[in-house]
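See structure below.
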Amino acid sequence: MRWKVVVGVCAGIAVYKACELVRLFTESGHEVRVVPTRDALRFVGEPTWAALSGNPVSAEVWDAVHEVPHVRIGQSADLVVVAPATADVLARAAAGLANDLLTNTLLTARCPVVFAPAMHTEMWEHPATQANVATLRSRGAIVIEPAVGRLTGADTGKGRLPEPQQIFEVCRGVLRGGSADLAGRHVVISAGGTREAIDPVRFIGNRSSGLQGYALARTALARGAEVTLVSANVALPDPAGAKVVRVESAIQLREAVLAAAESADAVVMAAAVADFRPVRQSTGKIKKTADDPDPIYLTKNPDILQELGEVRAARRADGLPYPEVIVGFAAETEDMIANGQAKLRRKGCDLLVVNQVGENLAFGTPDNAAVVLVAGGDPVEIPRGPKEDLAGIVWNLVGARLV
Ligand code: CTP
């Protein structure tokens, strides 16, 4: 499908990354119209944008007036993405100003709008910017959280433009799904597999790659959600806009998930959490001096999913808010449905995504097949397909339960 994409670019040093973003759209066959602000052209000039997009470029409403560009460009777009979005453009968009071609385009666009802000940390954190972001989100725009990292010059912090590929993925999700039905919702996703330390260099781990959890995060972001991703030992790029909390062990994952759950609408426990951990962790590396090594005694880890359900029940009894939807994942090697139904009841969650694991199934593969067991409802079969498809169905079921 060929989409009409407007790429708005503003005056920030990160504007050079927008060249790559334009490329990603054109190389995927989409039609791109670049609309820069006047000052953005101080960083990267009109010929670059025109050559990359294959379309005329102007920052003004006064060029090619016979084509009425100040309304046509926005009206005919399938998506407007502003990257980098400066504090200034966020303020102008929130106020509804129309003092250049880009803000006119934003006012006339009826399609999804994505902002990828980039600025210094102080500007991003300023209450004025935060209020503008909240206003834009309340109107349905998707504002990607800036990344943390190197900013202009030597300083580092939150405010960095996410990588073009990540912005592109968010846009692709929006174009595919076409809706921002999770806008204004905070979702917490755990992903990956925990590691339980034996000594400073060894651990008990599992085969989880984090692919499914990251697909859930990208899909939720593309549908407008604020995402906290609690990531256990995953070697994948951070999804653009997610708040990523890195953990290693089940105890750390529990702490991070329970803290994030306080302000969440939904929690999805896609992580493979170790059921047991060594009772004792050696502070030094265990040497092979003895012929018979010491046994490693294990103790049970807390069941985080079950605890979420219990905390929720207690909060509900007191009339206090807690995530409305709790989703578990279950990996089963046999009797998928019977084991899954028992687990759904035991863990007190609303949805349980059950997939069969074994050789070449689920772990580390891009595809997944599953059955979603629904508390008080019929199971939903998900045929084998990309993990993104499964993620989309999970969010449909979650969304339907959010009032
Ligand atoms: N889970 C959790 N805390 C644990 C273990 C698992 O929160 N200590 C969560 C996982 O994130 C997943 C779900 O529980 O969402 C199911 O995990 P699974 O390992 O299949 O279930 P178990 O309760 O460990 O049951 P069993 O291993 O006996 O099948």
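The values are calculated or read from the model by the stated rules, or taken from the named source; none is laboratory data. All values reported here derive from a predicted model rather than from experimental measurement. Note: ideal-geometry Cβ built from the backbone for every residue, glycine included; neighbour counts use all protein chains shown. The protein model used for the area step is the full one, side chains on, heavy atoms only, and it has no ligands, DNA or RNA in it. Shrake-Rupley method; radii C 1.70, N 1.55, O 1.52, S 1.80 Å.
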Open item on the list: Let me spell it out: the conditions are (1) open to solvent by less than 40 Å² (accessible area, probe 1.4 Å); (2) part of a strand (DSSP E or B), and residue 203 meets all of them except one. Which number is the exception?
Closed with: (1)
Task: Criterion (out of contact with any Asp or Glu (no Cβ under 6 Å at 6 or more places or on another chain), assigned to a loop (DSSP other than H, G, I, E, B), without any contact (Cβ under 8 Å) to a residue 60 or more places away in the chain and in the same structural domain as residue 365 (by TED's automatic domain parsing)) met by exactly one of 259, 240, 264, 235 - done: 235
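To keep it simple, each residue is scored yes or no on (1) buried (at least 21 other Cβ atoms within 10 Å of the Cβ); (2) touching a residue at least 12 places away in the same chain (Cβ under 8 Å).
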| residue | (1), (2) |
| --- | --- |
| 78 | no, yes |
| 90 | yes, yes |
| 97 | no, no |
| 106 | yes, yes |
| 112 | yes, yes |
| 155 | no, yes |
Task: Failed item, numbered, when residue 241 is tested on (1) of a type in the set (Gly, Ala, Ser); (2) on the phi < 0 side of the Ramachandran plot; (3) away from the ligand (no atom under 14 Å from the Cβ) - done: (2)
- [ ] Please enumerate the residues belonging to region 301-338 that are open to solvent by 60 Å² or more (accessible area, probe 1.4 Å), at pLDDT below 95 and within 13 Å of the ligand (Cβ to nearest atom).
- [x] 333, 334, 335, 338
TODO: Taking only region 1-41 into account, find how many residues are part of a helix (DSSP H, G or I) and of a type in the set (A, V, I, L, M, F, W, C).
DONE: 9
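Applying the selection to region 42-76, what residues are out of contact with any Gly (no Cβ under 8 Å at 6 or more places or on another chain), open to solvent by 60 Å² or more (accessible area, probe 1.4 Å) and part of a helix (DSSP H, G or I)? Break it down stepwise before answering.
Step one: of region 42-76, the residues out of contact with any Gly (no Cβ under 8 Å at 6 or more places or on another chain) are 42, 44-76.
Adding the requirement that they be open to solvent by 60 Å² or more (accessible area, probe 1.4 Å) leaves 42, 46-47, 51, 54, 56, 62-63, 65-67, 70, 72, 75.
42, 46, 47, 51, 65, 66, 67, 70, 72, 75 - these are the residues of region 42-76 that are out of contact with any Gly (no Cβ under 8 Å at 6 or more places or on another chain), open to solvent by 60 Å² or more (accessible area, probe 1.4 Å) and part of a helix (DSSP H, G or I).
Residue 251 - would you say it is within 14 Å of the ligand (Cβ to nearest atom), more than 24 Å from residue 149 (Cα to Cα), surrounded by fewer than 22 Cβ atoms within 10 Å (Cβ to Cβ) and of a type in the set (Val, Ile, Thr)? Spell out the reasoning first.
Numbers: within 14 Å of the ligand (Cβ to nearest atom): yes; more than 24 Å from residue 149 (Cα to Cα): yes; surrounded by fewer than 22 Cβ atoms within 10 Å (Cβ to Cβ): yes; of a type in the set (Val, Ile, Thr): yes.
When the stated conditions are applied, residue 251 passes them.
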Task: Test: residue 147 is in contact (Cβ under 8 Å) with a residue 40 or more places away in the chain and touching an Asp or Glu at 6+ places or on another chain (Cβ under 8 Å) - done: yes
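What strands (runs of 3 or more DSSP E) completely inside region 304-403 contain at least 2 residues that are over 26 Å from residue 234 (Cα atoms)? Steps first, answer last, please.
Numbers: elements: 325-332, 351-356, 367-374, 380-386.
Correct list: 367-374, 380-386.
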Task: Residues satisfying the stated conditions in region 84-111, i.e. over 15 Å from residue 38 (Cβ atoms), assigned to a helix (DSSP H, G or I) and within 26 Å of the chain's Cα centre (by Cα) - done: 87, 90, 91, 93, 94, 106
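For residue 174, state whether it is touching a Pro at 6+ places or on another chain (Cβ under 6 Å) and surrounded by 17 or more Cβ atoms within 10 Å (Cβ to Cβ).
Details: touching a Pro at 6+ places or on another chain (Cβ under 6 Å): yes; surrounded by 17 or more Cβ atoms within 10 Å (Cβ to Cβ): yes.
For residue 174, the condition - touching a Pro at 6+ places or on another chain (Cβ under 6 Å) and surrounded by 17 or more Cβ atoms within 10 Å (Cβ to Cβ) - is met.
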Task: Selected residue (criterion: most open to solvent (accessible area, probe 1.4 Å)) from residues of region 206-232 that are assigned to a loop (DSSP other than H, G, I, E, B) and over 24 Å from residue 134 (Cβ atoms) - done: 207
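Could you list, in sequence order, all residues of region 120-146 that are assigned to a loop (DSSP other than H, G, I, E, B) and open to solvent by 20 Å² or more (accessible area, probe 1.4 Å)? Even if it seems obvious, please write down each step before you answer.
Filtering region 120-146 for residues assigned to a loop (DSSP other than H, G, I, E, B) gives 120, 126, 139-141, 144-146.
Once the filter is applied, which keeps residues that are assigned to a loop (DSSP other than H, G, I, E, B) and open to solvent by 20 Å² or more (accessible area, probe 1.4 Å), region 120-146 yields 120, 126, 139, 140, 145.
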Task: Search result, residues across region 254-264 that are buried (at least 18 other Cβ atoms within 10 Å of the Cβ) and away from the ligand (no atom under 11 Å from the Cβ) - done: 256, 260, 261, 264
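Has region 289-297 got any residue that is within 10 Å of the ligand (Cβ to nearest atom) and either touching a residue at least 24 places away in the same chain (Cβ under 8 Å) or open to solvent by less than 60 Å² (accessible area, probe 1.4 Å) (or both)?
Taking region 289-297 first, the residues within 10 Å of the ligand (Cβ to nearest atom) are none.
There is no residue in region 289-297 that is within 10 Å of the ligand (Cβ to nearest atom) and either touching a residue at least 24 places away in the same chain (Cβ under 8 Å) or open to solvent by less than 60 Å² (accessible area, probe 1.4 Å) (or both).
Going by the conditions given, is residue 373 under 27 Å from the mean Cα position of the chain (by Cα), more than 10 Å from the ligand (Cβ to nearest atom) and open to solvent by 20 Å² or more (accessible area, probe 1.4 Å)? Step through it out loud before you land on a result.
Numbers: under 27 Å from the mean Cα position of the chain (by Cα): yes; more than 10 Å from the ligand (Cβ to nearest atom): yes; open to solvent by 20 Å² or more (accessible area, probe 1.4 Å): no.
Answer is no for this residue.
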